[in-house]
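K.L.:
Have a look at the structure that comes next, please.
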Amino acid sequence: MGLCCVASEIAGALEVIDPGENGLLVGVKDEASLTEALTRVLSDPALRRALGEEAARRMRAEQALEVVAPRYLPIYEELMARARSPGA
């Protein structure tokens, strides 16, 4: 969506956020770091915009339906073939 993301260093966030490139990561339960990161992006419109734009660009490139669907289609086709086969 083009929004800057500030997230904790947990599974899911670690796979999609490169700190300083497309968002910011803070330690889990680290209130001081969270406060610092939020203050940083809220006080710096250029940083906020750059992080958000890169996040949107990366998601379009890596997670768009046209990119993701071909990865999963063979799996679904195999599952459907198994379901149709006798004894399944």
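The values are calculated or read from the model by the stated rules, or taken from the named source; none is laboratory data. Model, not experiment: these values are computed from the prediction. Don't worry about glycine lacking a Cβ; one is built from the backbone with ideal geometry, like all the others, and counts go over all protein chains shown. Heads up: the accessible areas ignore ligands, DNA and RNA and are worked out on the full protein's heavy atoms, side chains in. Shrake-Rupley method; radii C 1.70, N 1.55, O 1.52, S 1.80 Å.
K.L.:
Sort out which residues of region 5-15 are of a type outside the set (Asp, Glu) and free of Cβ contacts under 8 Å to residues at least 40 places away in the same chain, and write them in order of number. Even if it seems obvious, please write down each step before you answer.
P.N.:
Of all residues in region 5-15, those of a type outside the set (Asp, Glu) come to 5-8, 10-14.
Within region 5-15, 6, 7, 8, 10, 11, 12, 13, 14 meet the criteria.
K.L.:
Mind checking which helices (runs of 4 or more DSSP H) fall wholly inside region 8-78 and carry at least 2 residues that are open to solvent by less than 90 Å² (accessible area, probe 1.4 Å) and among the charged types (D, E, K, R)?
P.N.:
By residue number, 45-63.
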